[in-house]
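Asker: Here it is, the structure, as structure tokens.
The values are calculated or read from the model by the stated rules, or taken from the named source; none is laboratory data. Bear in mind the structure is a predicted one, so any value in this text is a computation, not a measurement. Please note: Cβ atoms are built from the backbone with ideal geometry, for glycine as well, and neighbour counts cover all protein chains shown. Calculation scope for accessible area: heavy atoms of the full protein, side chains included, ligands and nucleic acids excluded. Shrake-Rupley method; radii C 1.70, N 1.55, O 1.52, S 1.80 Å.
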Amino acid sequence: MNDKSEREILLSIRDLHIEGFSDEKWNGIVHGVDLDLHKGEVLGLIGESGAGKSTIGLAAMGFTRDGCRIPKGTVVFDGLELMTAGEAKRRELRGSRIAYVAQSAAAAFNPAHKLIDQYSEAPTQHGIMAKSKAEQDAVDLYRRLRLPNPDEIGFRYPHQVSGGQLQRAMTAMAMSCRPDLIIFDEPTTALDVTTQIEVLAAIRDIVEQFDTAAIYITHDLAVVAQMADRIMVLRYGDLVEEADTRKMLSHPEEDYTKTLWAVRSFQKPQKPLAGAGEMPIISVERVTAGYGKSVMVLHDVSFDIHDRRTVAVVGESGSGKSTTARCITGLLPPIEGRILHNGNELPADFRKRSKDQLRQIQMIYQMPDTALNPRQRVRDVIGRPLDFYLGIRGKEKEKRIHALLEQIELEPSQFIDRYPGELSGGQKQRICIARALGAEPQFIICDEVTSALDQIVAEGILKLLFRLQEELKLAYMFITHDLATVRAISDEVVVMLEGRVVEAGPKDVMFTPPHHDYTDLLLSSVPEMDPDWLSDLLEARKGKSMAPAGN
Amino acid sequence: MWPILRMVIQRLGLGLLTLFVVSVIIFSSVEFLPGDLAQEILGQAATPETVAAFRKELGLDRPPVERYFTWLGNVAQGDFGKSLANNREISELIGQRLLNTLFLAGFAATIAVPLAITLGVLAALYRNTLFDRMINVFTLTSISFPEFFVAYILILFFAVNWGLFPSISNIGPETSFWDKVYRTMLPAITLTLVVVAHMMRMTRAAIINLLASPYIEMARLKGIKPGRVIVKHALPNALAPIINVVAINLAYLVVGVVVVEVVFVYPGLGQLLVDSVSKRDITVVQASSLVFAATYILLNLTADVLSILTNPRLLHPR
């Protein structure tokens with residue numbers, strides 16, 4: 001596999017230092033990283049957020065974001081030193097010989113222009129080909145990347161195309177000038193597992209076909225294992241370890257690398273199904289709901305959540321997971337069907353529910369950044385439900401806030417007066433958990449609570465949630481698209497597709513074949529650490545016509 | 001396309017409603033003016049009988065609500081009534097004046113809008129440089145002076161000292177187009193100086209606001225030149241706020257020209273309004289106020305619709 005290392009060196013970075021300006025001074029982000037990339041080689045950069053992966057990726061194009069600078073180091077691309085070459089020279093290379101694929105294609109495509117116009121911009125502006133030629137070329141690449149309706153899709157605006165298709169269109173755009181190097185910055189992180197496979201396969205094919213070198217940035221080891229010839233592990237702006245992919249997977253040397261590898265080890269013991277006579281805490285009964293009158297998002301959805309159980313609701317984006325949560329909380333009154341709480345029907349609209357009914361159902365959200373008011377101190381955030389639901393004030397409230405902070409494993413004296421801006425992502429999510437606990441609920445809805453967090457931090461949150469469940473006898477509804485999380489924390493699993501429940505049951509049953517077709521597609525799409533996994537899977541799926549859902 | 005049509009109709013309906021409310025306000029505020037209208041017009045010497053007869057002729061003896069609806073009904077049919085001062089048809093009186101005002105506003109806008117947007121784009125492109133600061137200082141200075149002051153300074157240099165343009169913008173229906181342009185040059189420049197700063201600063205701010213977006217970074221990473229990044233990638237997405245601020249300024253050009261028209265003795269609607277107020281020609285005041293209000297509402301409505309149309313999500317639904 002690694003005969004590419006015999007080839008000529010395309011990119012060579014030496015002693016790269018990058019600094020960012022914050023708190024009135026320059027702080028180091030990357031501290032002296034060396035990197036070599038051969039022609040046609042794919043290098044994986046992995047690490048948690050803050051490791052400096054994206055910053056290094058951009059530096060390979062001689063680019064720094066506003067507020068960053070490169071005080072020291074050299075970046076030599078095909079014999080040209082980018083740091084000293086001057087902006088005009090660097091701009092000539094960007095888009096034509098080094099291209100970039102961003103994490104969120106939805107944000108990185110300009111909403112005001114058609115895809116094909118954005119495709120042909122780089123070739124025409126760099127004077128490589130005329131617009132008509134570039135457009136023909138675009139259609140050809142769209143076809144190679146297996147986009148549906150390659151002849152027409154380019155004439156759509158970004159918002160008219162689904163996420164997975166946009167990501168492929170962006171890869172096509174990066175290819176427009178047939179660059180020697182492409183920087184892929186977490187290109188599949190925002191996608192569903194089933195869509196991710198399509199994009200990964202497309203990227204791998206096209207990079208091989210055109211013999212393009214690539215730097216593949218991701219935090220997902222299983223993904224990088226499929227894509228890269230060689231892997232570099234980064235942490236806090238330093239190189240931890242570098243090796244060929246197979247060697248890195250089988251024999252990681254550094255302790256940090258090993259913890260990354262082992263992160264998915266947490267698994268809570270599964271509880272048995274509740275007895276037939278037991279009253280569920282929450283019953284969703286034949287709920288049909290939608291936004292507006294004509295488009296239904298949920299069709300006849302039913303499931304129960306029992307005392308001290310975790311029910312994981314899984315499915316792709318758009319499958320109706322969050323809408324179900326909105327029905328349970330009363331934010332979206334269902335059109336048909338009802339929500340029962342301990343056997344009693346809850347008013348469909350949250351405005352008609354009593355304070356006590358509201359208190360019993362709490363939520364934790366995906367983005368702790370936006371779920372916390374940046375102008376409120378931790379004390380106010382956690383104190384609010386105590387005051388609002390339970391009428392606790394003064395000394396007693398102070399005592400409860402301290403107790404809650406201890407419960408979420410944050411030192412009260414240190415954190416009680418902080419603003420959300422002074423907390424890390426994991427700490428913010430813990431504050432959100434404390435806020436939910438403050439209401440002393442029986443039941444908490446966790447909406448993708450770990451998907452915005454790094455794996456190690458996410459594991460900490462899952463462990464905390466499990467501990468709290470045991471201590472406080474909570475029931476959870478866990479909305480996620482991440483099957484590893486499901487495996488770690490759930491007792492029962494509900495699989496949703498296009499607003500319907502396609503399969504439901506205890507976790508062990510759900511994870512052992514035979515599965516429903518869709519569950520099978522979902523499960524088999526979760527990348528594994530085996531570098532041959534993607535090839536094997538694509539081989540296995542060939543013949544079987546698996547229509548990707550949601551596109 | 002039909003959701004857009006529905007939105008336009010909705011907005012139009014709202015505009016009409018606003019106009020109705022405004023007409024009530026105009027009518028009642030005139031109604032609450034102290035003193036008796038007939039007495040004021042006829043003067044102290046008039047006998048009570050003549051006053052009563054005049055009141056009857058004006059219809060002032062009828063209850064206000066009834067008069068309001070008669071007035072509104074007539075206005076809806078394009079009949080604004082007659083001037084109290086000289087008994088001429090108001091629609092005739094206002095018609096030519098309104099055209100003059102619109103001509104001046106249009107002329108000023110033709111200079112001001114492209115100038116402001118170009119300066120805004122340039123200021124965004126060369127942000128935080130000397131050029132950027134100079135433009136800011138210059139436009140802010142010009143907006144900070146009162147209009148009449150700017151007008152007199154211009155007259156001093158362009159009319160008195162250099163004799164380039166006339167200081168009095170005297171035009172009539174038979175004046176030719178280029179002659180009109182020549183004669184209204186100074187008021188147009190005055191208005192331009194007054195409105196350009198606001199639009200230019202908004203353009204600059206709206207563009208700079210977008211420069212941190214991922215698609216701008218993407219454009220830069222595609223090796224696109226900075227000027228093209230701004231014009232092609234940032235500007236189309238910044239149009240909504242720019243259109244709104246342009247509309248407000250256009251409305252100002254029509255409605256707020258009173259001072260400038262007086263300084264340059266320009267036969268526009270503002271001039272007429274001032275004259276009518278001093279003559280207590282109430283029917284004309286009502287009519288001109290209503291025309292001003294309608295202009296304002298219509299321009300804002302156009303801005304709303306246009307800024308929604310610049311959103312590709314609405315223009316090209318899935």
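Asker: Given (1) open to solvent by 50 Å² or more (accessible area, probe 1.4 Å); (2) within 14 Å of chain A (Cβ to nearest Cβ), where does B:Thr310 come up short, assuming only one miss?
Answerer: (1)
Asker: Show me the helices (runs of 4 or more DSSP H) found entirely inside segment A:204-323 where at least 2 residues are of a type in the set (S, T, N, Q).
Answerer: A:245-250, A:255-262
Asker: For segment B:113-127, state whether one or more residues are without any contact (Cβ under 8 Å) to a residue 60 or more places away in the chain and among the β-branched types (Val, Ile, Thr).
Answerer: yes
Asker: It is to be established whether one or more residues within segment A:213-231 are under 30 Å from A:Asp78 (Cα atoms) and open to solvent by 40 Å² or more (accessible area, probe 1.4 Å).
Answerer: For segment A:213-231, residues under 30 Å from A:Asp78 (Cα atoms) and open to solvent by 40 Å² or more (accessible area, probe 1.4 Å): present.
Asker: Being small (Gly, Ala, Ser) and buried (at least 20 other Cβ atoms within 10 Å of the Cβ) narrows it down to one of A:Ala371, A:Ala348, A:Ala312, so name that one.
Answerer: Only one candidate qualifies: A:Ala312.
Asker: Could you list, ordered by first residue, the pairs with Cβ atoms under 7 Å in which the first is in segment B:64-88 and under 18 Å from B:Phe54 (Cβ atoms) and the second is modelled with pLDDT of 80 or more and part of a loop (DSSP other than H, G, I, E, B), at least 6 apart or interchain?
Answerer: B:Lys82/B:Arg88; B:Ser83/B:Asp281; B:Leu84/B:Asp281; B:Ala85/B:Asp281
Asker: So which pairs qualify, if the first residue must be in segment A:244-263 and among the acidic types (Asp, Glu), the second must be modelled with pLDDT of 85 or more, the Cβ gap must be under 8 Å, and the two must be at least 6 apart or on different chains?
Answerer: Every condition considered, the pairs that remain are A:Asp244/A:Asp229; A:Asp244/A:Arg230; A:Asp244/A:Ile231; A:Glu253/A:Glu241; A:Glu253/A:Ala243; A:Glu254/A:Val233; A:Glu254/A:Val240; A:Glu254/A:Glu241.
Asker: Under 8 Å between Cβ atoms, which residue pairs at least 6 apart in sequence (or on different chains) link something in segment A:204-233 that is without any contact (Cβ under 8 Å) to a residue 40 or more places away in the chain with a partner that is open to solvent by 10 Å² or more (accessible area, probe 1.4 Å) and part of a loop (DSSP other than H, G, I, E, B)?
Answerer: Every condition considered, the pairs that remain are A:Phe210/A:Arg178.
Asker: Another question about this same structure. Which members of segment A:162-197 meet the condition of being of a type in the set (A, V, I, L, M, F, W, C), open to solvent by 10 Å² or more (accessible area, probe 1.4 Å) and not in a helix (DSSP H, G or I)?
Answerer: Those that are of a type in the set (A, V, I, L, M, F, W, C), open to solvent by 10 Å² or more (accessible area, probe 1.4 Å) and not in a helix (DSSP H, G or I): A:Cys177, A:Ala190, A:Leu191.
Asker: Let me ask something else about it. Given the condition at pLDDT 90 or above, closer than 30 Å to A:Ser451 by Cα, open to solvent by 10 Å² or more (accessible area, probe 1.4 Å) and out of contact with any Cys (no Cβ under 8 Å at 6 or more places or on another chain), answer yes or no: does some residue in segment A:81-98 qualify?
Answerer: Scanning segment A:81-98, I find no residue that is at pLDDT 90 or above, closer than 30 Å to A:Ser451 by Cα, open to solvent by 10 Å² or more (accessible area, probe 1.4 Å) and out of contact with any Cys (no Cβ under 8 Å at 6 or more places or on another chain), so the answer is no.
Asker: Tell me the residue from B:Leu273, B:Leu299, B:Leu290 that is closer than 30 Å to B:Ile155 by Cα, surrounded by 19 or more Cβ atoms within 10 Å (Cβ to Cβ) and away from chain A (no Cβ under 14 Å), please.
Answerer: Just a single option satisfies the conditions, and that option is B:Leu273.
Asker: In addition: Do the conditions hold for A:Ile116, that is, is it closer than 29 Å to B:Ile207 by Cα, in a strand (DSSP E or B) and of a type outside the set (Gly, Ala, Ser)?
Answerer: No: the conditions fail for A:Ile116.
Asker: So B:Gly163 passes all but one of these: (1) without any contact (Cβ under 8 Å) to a residue 40 or more places away in the chain; (2) over 25 Å from B:Leu98 (Cα atoms); (3) touching a helix residue (DSSP H, G or I) at 6+ places or on another chain (Cβ under 7 Å). Which condition number does it fail?
Answerer: So B:Gly163 meets the others, but not (3).
Asker: Next question. Give the number of residues within segment A:139-161 that are within 13 Å of another protein chain (Cβ to nearest Cβ), out of contact with any Lys or Arg (no Cβ under 7 Å at 6 or more places or on another chain) and not in a helix (DSSP H, G or I).
Answerer: 1
Asker: Within the set of pairs 6 or more residues apart or between chains, which connect a residue that is β-branched (Val, Ile, Thr) inside segment B:286-302 to a residue that is assigned to a helix (DSSP H, G or I) with Cβ atoms less than 6 Å apart?
Answerer: The qualifying pairs are B:Thr295/B:Val254; B:Ile297/B:Gly15; B:Ile297/B:Thr18; B:Ile297/B:Leu19.
Asker: Name the residues in segment A:495-524 that are touching a Phe, Trp or Tyr at 6+ places or on another chain (Cβ under 8 Å) and either open to solvent by 30 Å² or more (accessible area, probe 1.4 Å) or outside the structural domain of A:Gly290 (by TED's automatic domain parsing) (or both), would you?
Answerer: Listed by number, the residues that qualify are A:Leu497, A:Val501, A:Val502, A:Glu503, A:Ala504, A:Leu523.
Asker: Collect the residues in segment A:247-271 that are open to solvent by 20 Å² or more (accessible area, probe 1.4 Å) and in contact with a helix residue (DSSP H, G or I) (Cβ under 9 Å, 6 or more places away or on another chain), keeping them in residue-number order.
Answerer: A:Leu249, A:Pro252, A:Thr259, A:Trp261, A:Arg264, A:Ser265, A:Phe266, A:Gln267, A:Gln270
Asker: Please determine whether any residue of segment A:45-60 is within 14 Å of chain B (Cβ to nearest Cβ) and either over 25 Å from A:Val233 (Cβ atoms) or of a type in the set (Val, Ile, Thr) (or both).
Answerer: The answer is yes; a qualifying residue exists.
Asker: Looking only at segment A:111-138, filter to residues that are away from every other protein chain (no Cβ under 12 Å) and surrounded by fewer than 18 Cβ atoms within 10 Å (Cβ to Cβ); which one of those is nearest to the chain's Cα centre (by Cα)?
Answerer: Taking the candidates together, the pick is A:Gln136.
Asker: Of the conditions (1) farther than 22 Å from A:Gly318 by Cβ; (2) surrounded by fewer than 20 Cβ atoms within 10 Å (Cβ to Cβ), A:Pro148 satisfies every one except a single condition; which number is it?
Answerer: (1)
Asker: Can you find a residue in segment A:55-69 that is over 25 Å from A:Leu166 (Cα atoms), open to solvent by 40 Å² or more (accessible area, probe 1.4 Å) and without any contact (Cβ under 8 Å) to a residue 12 or more places away in the chain?
Answerer: Checked against the condition, which is being over 25 Å from A:Leu166 (Cα atoms), open to solvent by 40 Å² or more (accessible area, probe 1.4 Å) and without any contact (Cβ under 8 Å) to a residue 12 or more places away in the chain, segment A:55-69 yields at least one hit.
Asker: Could you look through segment A:99-110, keep only residues that are out of contact with any strand residue (DSSP E or B) (no Cβ under 9 Å at 6 or more places or on another chain) and either at pLDDT 90 or above or within 7 Å of chain B (Cβ to nearest Cβ) (or both), and pick out the one that is farthest from B:Ala238 (Cα to Cα)?
Answerer: A:Ser104
Asker: If you go through segment B:103-110 one residue at a time, do you hit one that is open to solvent by 60 Å² or more (accessible area, probe 1.4 Å) and free of Cβ contacts under 8 Å to residues at least 40 places away in the same chain?
Answerer: Scanning segment B:103-110 turns up at least one residue that is open to solvent by 60 Å² or more (accessible area, probe 1.4 Å) and free of Cβ contacts under 8 Å to residues at least 40 places away in the same chain.
Asker: Have a look at B:Val246, B:Val231, B:Val195, B:Val260 and point out the one that is in contact with a Pro (Cβ under 6 Å, 6 or more places away or on another chain) and in a helix (DSSP H, G or I).
Answerer: That would be B:Val260, the only listed residue that is in contact with a Pro (Cβ under 6 Å, 6 or more places away or on another chain) and in a helix (DSSP H, G or I).
Asker: Which members of segment B:31-87 meet the condition of being surrounded by 15 or more Cβ atoms within 10 Å (Cβ to Cβ) and not in a helix (DSSP H, G or I)?
Answerer: B:Ala46, B:Leu60, B:Phe80, B:Gly81, B:Lys82, B:Ser83, B:Leu84, B:Ala85, listed by residue number.
Asker: Could you count how many residues in segment A:59-86 are on the phi > 0 side of the Ramachandran plot and out of contact with any Ser or Thr (no Cβ under 8 Å at 6 or more places or on another chain)?
Answerer: 5
Asker: Restricting to segment B:198-228, count the residues that are facing another protein chain (nearest Cβ under 8 Å), of a type in the set (Gly, Ala, Ser) and either touching a residue at least 40 places away in the same chain (Cβ under 8 Å) or part of a helix (DSSP H, G or I) (or both).
Answerer: 1
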